[in-house]
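Novice: Sharing a structure below in structure tokens format, with a few things to ask.
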Amino acid sequence: MITFIVKGNRARTAPDFLLKDLPGSGGRIDILCRCLTSSLLLSHGIRKDVQVILCLGGEPDPPKCIRVMGDNVKHLSPDERSTAILLMKALESYRKGEEVESTPGIYISGHSFKEILEQYRERIVLLDEGGDELGSMPVEEPCFVLGDHLGFDEAEEKLLSTVKHRMRVSPLVLHGSHCIVLVLNRMDMIKERGNTERKTNR
Ligand SMILES: C[S@@+](CC[C@H](N)C(=O)[O-])C[C@H]1O[C@@H](n2cnc3c(N)ncnc32)[C@H](O)[C@@H]1O
């Protein structure tokens, strides 16, 4: 299982944002929508071995954590509007103290970004343009962490300063969703090469 954790610093934590103004009223929730579809959607299918964890830190009731599982998510389409509707339904379903499944494969809880990082600590690969070049995968079942347009705050940077793996996908600063596509491309190529080598060694 490959995991992507994306921080939405100001992503709205109530289901009251406007679908026609996701960046403004949703606190750049459009970024989270693009990261979600980039992580899970193939041209005609879903990546069943990927899960995405969106950490919403905006008003009025942070934190919220929306987890989407590729192996059972339903109704996910490439357009931002329908993806935002799924996130809105998740926010409507929120119950204090428990993780709730809002629609198939989509779960919401009140976990904070810090709690999520602690949960996945051993497998974290921080995506950072200042890191080492992403070649082979440094851990089994990697858990990639990335920020939104605002990156991470001071306390989070401090927490992340101790992670073992900090990798870059380009020398340039890219959009988070583009980084995800490059990471998955890298993993697909590594997997294909492994399969070819196994076949030729038979
Ligand atoms: C739009 S960038 C953030 C820019 C923001 N102004 C900042 O200073 O952090 C969103 C996220 O994508 C990831 N990212 C951007 N460029 C990258 C690169 N070349 N290699 C790896 N990760 C990158 C980082 O995790 C970053 O937090």
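The values are calculated or read from the model by the stated rules, or taken from the named source; none is laboratory data. Predicted model, so just to flag it, every value in this text is computed and none were measured. Here the Cβ is made from the backbone with ideal geometry for all residues, glycine too, and neighbour counts use every protein chain on show.
Novice: Looking at the structure I just gave you, is residue 122 exposed (fewer than 13 other Cβ atoms within 10 Å of the Cβ) and either more than 12 Å from the ligand (Cβ to nearest atom) or over 12 Å from residue 7 (Cα atoms) (or both)?
Specialist: When the stated conditions are applied, residue 122 passes them.
Novice: Among (1) modelled with pLDDT under 95; (2) of a type outside the set (S, T, N, Q); (3) under 18 Å from the mean Cα position of the chain (by Cα); (4) surrounded by fewer than 16 Cβ atoms within 10 Å (Cβ to Cβ), where does residue 155 come up short?
Specialist: (3)
Novice: Looking at the range 149-170, is at least one residue of a type in the set (D, E, K, R), near the ligand (Cβ under 7 Å from one of its atoms) and either free of Cβ contacts under 8 Å to residues at least 40 places away in the same chain or within 15 Å of residue 7 (Cβ to Cβ) (or both)?
Specialist: no
Novice: Okay, next question. Could you please find all residues in the range 67-83 being over 14 Å from residue 39 (Cα atoms) and crowded, with 20+ Cβ neighbours inside 10 Å?
Specialist: none
Novice: Identify the single condition in (1) touching an Asp or Glu at 6+ places or on another chain (Cβ under 8 Å); (2) under 26 Å from residue 21 (Cβ atoms); (3) away from the ligand (no atom under 16 Å from the Cβ) that residue 105 does not satisfy, given that it satisfies every other one.
Specialist: Single failed check for residue 105: (2).
Novice: Okay, next question. Determine which member of the set 115, 141 is loosely packed, with under 15 Cβ neighbours inside 10 Å, away from the ligand (no atom under 15 Å from the Cβ) and within 19 Å of residue 70 (Cα to Cα).
Specialist: After ruling out the rest, the residue left standing is 141.
Let's see how each residue does on (1) part of a strand (DSSP E or B); (2) out of contact with any strand residue (DSSP E or B) (no Cβ under 9 Å at 6 or more places or on another chain); (3) aliphatic (A, V, I, L, M):
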| residue | (1), (2), (3) |
| --- | --- |
| 53 | yes, no, yes |
| 58 | no, no, no |
| 66 | yes, no, yes |
| 87 | no, no, yes |
| 96 | no, yes, no |
| 101 | yes, no, no |
| 115 | no, no, no |
| 125 | yes, no, yes |
| 132 | yes, no, no |
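Novice: If we scan the range 130-145, do we find a residue that is of a type in the set (D, E, K, R), in contact (Cβ under 8 Å) with a residue 12 or more places away in the chain and under 18 Å from residue 7 (Cα atoms)?
Specialist: Looking for residues that are of a type in the set (D, E, K, R), in contact (Cβ under 8 Å) with a residue 12 or more places away in the chain and under 18 Å from residue 7 (Cα atoms), one finds none in the range 130-145, hence no.
Novice: Across the range 3-50, what is the number of residues that are surrounded by fewer than 17 Cβ atoms within 10 Å (Cβ to Cβ), more than 15 Å from the chain's Cα centre (by Cα) and assigned to a loop (DSSP other than H, G, I, E, B)?
Specialist: Within the range 3-50, residues that are surrounded by fewer than 17 Cβ atoms within 10 Å (Cβ to Cβ), more than 15 Å from the chain's Cα centre (by Cα) and assigned to a loop (DSSP other than H, G, I, E, B) number 9.
Novice: When the range 134-159 is examined, which residues are found to be part of a loop (DSSP other than H, G, I, E, B) and charged (D, E, K, R)?
Specialist: First, the residues of the range 134-159 that are part of a loop (DSSP other than H, G, I, E, B): 134-142, 147, 149-150, 152-153.
Within the range 134-159, 140, 141, 153 meet the criteria.
Novice: Can we say residue 196 is away from the ligand (no atom under 13 Å from the Cβ) and assigned to a helix (DSSP H, G or I)?
Specialist: yes
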